[in-house]
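A.B. asks: This is the structure I have questions about; it appears just below.
The values are calculated or read from the model by the stated rules, or taken from the named source; none is laboratory data. Here the structure is a predicted model, which is why all the values come from computation and not from measurement. Quick reminder, even Gly has a Cβ in these numbers, built from the backbone with ideal geometry, and neighbours come from all protein chains shown. Accessible surface areas use protein heavy atoms only, side chains included; no ligands, DNA or RNA. Shrake-Rupley method; radii C 1.70, N 1.55, O 1.52, S 1.80 Å.
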Amino acid sequence: MNGRDLLEAMSFLDEELVAFSDAPPRAIPWKRVLSLAACFCVLLAGAFFLFRLNPANQAKESATEAAMFSAQNAATDAALPESACDAGEAPAAGNASEAISYTVRLEELTETGFRATALEDTPDWEHGESILMEYAEGFLPDALTPGTEYRVWVESFDPQTHCVTICQLEPVS
């Protein structure tokens, strides 16, 4: 086959096919698509932050969080008798099982209490976990020594801050 034969064979092609092949390929307008996607993301973020800033929605979230944590603390609060911390002293040997107490190792003193390491697993923390212990109102212990193990009696526990308010402590011998 030579050039003439090829030219003659091409004359039999449909004109629509020839016109379609001459048209440039249609390009995707990437700038427009990306601009629309970016605008959509900005609108979504704005709606999210407006929803979070709305005081009515914040009240709903606070109520939901309070319900979750009150259920978690209900067992702790119910198990701790009022007199265990109000007396200002460790419960008597017969009443020790009624009060919630844990063994911790004092790591460092703070202005309102101390940071300690848990020496036993509890429903609220695991062995070796760092816990902030704060003194209950009106409770000021004698001199404390870092590195010493103490038995602490719990007045309250805040799971959000991992802070325990203690009403009594004594060194473990």
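A.B. asks: Output the residues belonging to region 31-49 that are of a type outside the set (A, V, I, L, M) and under 29 Å from the mean Cα position of the chain (by Cα).
C.D. replies: Within region 31-49, 40, 41, 46, 48, 49 meet the criteria.
A.B. asks: A further question on this structure: Which ones in region 115-161 are small (Gly, Ala, Ser), out of contact with any Phe, Trp or Tyr (no Cβ under 6 Å at 6 or more places or on another chain) and in a strand (DSSP E or B)?
C.D. replies: 116, 130, 156
A.B. asks: Can you tell me which residues in region 81-109 are open to solvent by 30 Å² or more (accessible area, probe 1.4 Å) and either at pLDDT 85 or above or on the phi > 0 side of the Ramachandran plot (or both)?
C.D. replies: 88, 105, 107, 108, 109
A.B. asks: Pick from 78, 74: which is at pLDDT below 75, part of a helix (DSSP H, G or I) and loosely packed, with under 10 Cβ neighbours inside 10 Å? It would help to see each step written out before you state the result.
C.D. replies: Numbers: 74 fails: loosely packed, with under 10 Cβ neighbours inside 10 Å.
Unique residue meeting the criteria: 78.
A.B. asks: Return yes or no: is residue 46 of a type outside the set (Phe, Trp, Tyr), under 19 Å from residue 133 (Cβ atoms) and modelled with pLDDT of 85 or more?
C.D. replies: no
Listed here are the residues, each with its yes/no results for (1) of a type in the set (A, V, I, L, M); (2) open to solvent by 100 Å² or more (accessible area, probe 1.4 Å).
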| position | (1), (2) |
| --- | --- |
| 5 | no, no |
| 21 | no, no |
| 25 | no, yes |
| 28 | yes, yes |
| 36 | yes, yes |
| 40 | no, yes |
| 48 | no, yes |
